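In what follows, a single structure is set out as structure tokens and then discussed.
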Amino acid sequence: MNIIGLKEEYLQDLDYFLEYADSPRGKENDKQYPYESFHLNFYLNHSKEELYDYINQFLTHKNVNNDYDFYFLMKVIIKYMSSFSDSHTMVHKNDNIWFPVRFKVVNNNVYIDRCFDKKMLRKLIKKINGIDINVIINEIADCTSYGTNGWLLSNIEGNLCNKNDLLSLPCMNSKDGKIVFELENDEKISFDINEKYESETIYPKKETEQYNVIDDILVFKYPSCKDNYKPDINKIEEIIEESSIKKFILDLRGNSGGNSGIIKPLIEYLSNKDLELFTLVDRGVFSSGRFAAIDMKRIGSKIVGEEIGTPINCFGYVFGNGITPNSNIHFNFARVYWYEDNGFMKGIYTKKELIKKDKDFFEPKYLTIDIPIETSEEEYINSLEDVFFNKCIESIKSKNLKR
């Protein structure tokens, strides 16, 4: 490996990562496709030689002195290799700490969206540890693989409350073991990077309720494609009959994926009901979350909200792969290339089939938003309610889109 300026331990880790990407999965990891590489085609967009040149260029202006620096480099490498086609291949550190605060990017400004201290809600973030927030946002963008601007915004919001993501940024330091968010009016929120915050809750219980009736509308919240959010068809049928439901909303906001099959029975059920169908989406919809949106669109649903976090066609389907031997960075590789065909999501599972496709096939296709919803900065900061959701409901109430 002709890389200049990288410590031996990190050269070993990088080599391990790249060899792993191109290695056969084996029957113990993939019984159906054991001879395919862990990443279906890591070098689809750039050759190994181009990658080495890119790394050497990176090292001329950025030093890699510790594990955090190397973590940033790994994220930058994945961004370079993935282009817009793969936001699933990723690295992460196992000792994650999530601070009990969440952020929202509105009109290029960052606000506190949720917090253990309610007085801080909707406050504007100016700096973190003395670094201007725009410098931090630019560095997050430099190391984030995204196929839509929505996914970049979602990652900015997520990285800002994650210890490892913050400390890996070249501009960031925490010499006193603190992360200090500096707000408007000289207010501050401080977190200890060595403290665990899992016990802190910032999500009210009522927001976790899955079934909500608003007039003649049934809203089913589906924030993740996991068994604990599995739709209860009998309960949905009962609510529809008892409440004279005319409109059904599948609220997919924040659904970053999981098992795409869990929602299939609901799709089948809705396809045979005489209801107006709507699907709420936002920047947090990703992976199998967009499968659900495609399924709903196929049976006549209108898509309501903002740009989602992924193109329709891209690499996906990951599970735990490996850990670098020295820096202990975990990595996952995308194993399937997904695309839409007449309203159904289909996958390419072999490199042989993938390389037959022409360049146009890989051009990103995006989910069409039938009813766009925008929240202004003024609307957001002047209300502690879910303004985005309320505007979606108002818009849906005014529509008569009977199939």
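FYI, it's all coordinate maths here, none of it is from the lab. Quick caveat, the model's predicted, so the values are computed rather than measured. Glycine gets a Cβ as well: all are built from the backbone with ideal geometry, and neighbour counts include every protein chain shown.
Taking 0.36 nm per intervening residue step and subtracting the Cα-Cα distance, what contour gain separates Glu187 from Tyr366 on full extension?
60.4 nm
Which percentage, to the nearest 5, of the DSSP beta bridges contained in region 284-403 is antiparallel?
Details: 11 of 13 bridges.
The antiparallel proportion sits near 85 percent.
With runs of 4+ DSSP H residues as the only contributors, calculate the mean residue ellipticity of the chain at 222 nm using -39,500 (n - 2.57) per run, divided by the residue total and rounded to the nearest 500.
Calculated at 222 nm, the ellipticity per residue is -8500 deg cm²/dmol.
Run through the DSSP bridge list for the chain and note the antiparallel percent, rounded to the nearest 5.
70
Extending each Cα 7 Å along its Cβ direction at Lys178 and Ile3, get the distance between those two points in nm, one decimal.
Taking the simple label geometry, Lys178 and Ile3 are separated by 3.6 nm.
Among His61, His92, His330, which one shows the highest mean-square fluctuation when the chain is modelled as a Gaussian network with alpha-carbon springs under 10 Å?
Of His61, His92, His330, the Gaussian network model singles out His61 as fluctuating most.
Taking Cα pairs under 8 Å and at least six residues apart, what relative contact order does region 1-153 come out at, in percent?
18
Can you pull out the trypsin sites (Lys or Arg not before Pro) in region 161-200 whose DSSP state is coil and whose Cβ has at most 11 other Cβ atoms within 10 Å?
Lys175, Lys196
What is the ratio of the Cα radius of gyration of region 8-92 to 2.2 N^0.38 Å, where N is its residue count, to two decimals?
Compared with the compact-globule rule of thumb, region 8-92 sits at 1.16.
Loop only by DSSP, 14 or fewer other Cβ within 10 Å of the Cβ. Give me the chymotrypsin sites (Phe, Trp or Tyr not before Pro) in region 1-35 that pass, ordered by residue number.
Tyr35
Can you tell me which of Ser376, Ser224, Ser154 moves the most in a GNM of the chain? Springs connect C-alpha atoms under 10 Å apart.
Of Ser376, Ser224, Ser154, the Gaussian network model singles out Ser376 as fluctuating most.
Which is the longest run of the chain containing none of the GluC sites (Glu not before Pro) found in DSSP loop states (not H, G, I, E, B) with at most 15 other C-beta atoms within 10 Å?
That would be 210-373.
Which of the trypsin sites (Lys or Arg not before Pro) found in region 26-119 are loop residues per DSSP with 10 or fewer other Cβ atoms within 10 Å of their Cβ?
Filter output for region 26-119: Lys31.
Taking only Cα atoms and a 10 Å spring cutoff, compute GNM fluctuations for the chain and point out the largest among Leu367, Leu153, Leu384.
In the Gaussian network model the winner is Leu384.
With contacts defined as alpha carbon pairs under 8 Å and 6 or more residues apart, what's the relative contact order of region 272-391 in percent? List each step's numbers first, then the result.
Values: 165 pairs, mean separation 30.0, N = 120.
Reported as a whole number, the value is 25 percent.
Just list whichever of Lys48/Lys175; Lys230/Lys297; Lys27/Lys75 have alpha carbons separated by over 31 Å in the model shown.
On the way: Lys48/Lys175 37 Å; Lys230/Lys297 20 Å; Lys27/Lys75 29 Å.
Long pairs (Cα-Cα over 31 Å): Lys48/Lys175.
Which lysines, if any, have their Cα less than 17 Å from the Cα of Lys126, not counting same-chain residues under 8 positions apart?
Lys104, Lys178, Lys188
For labels at Asn96 and Lys118 in the simple 7 Å Cα→Cβ model, what's the distance in nm?
Those two pseudo-labels are separated by 2.8 nm.
At a threshold of 8 angstrom on Cα-Cα distance, excluding pairs fewer than six apart, so keeping six or more, what relative contact order does region 80-179 reach in percent?
On the way: 119 pairs, mean separation 32.2, N = 100.
Relative contact order, region 80-179: 32 percent.
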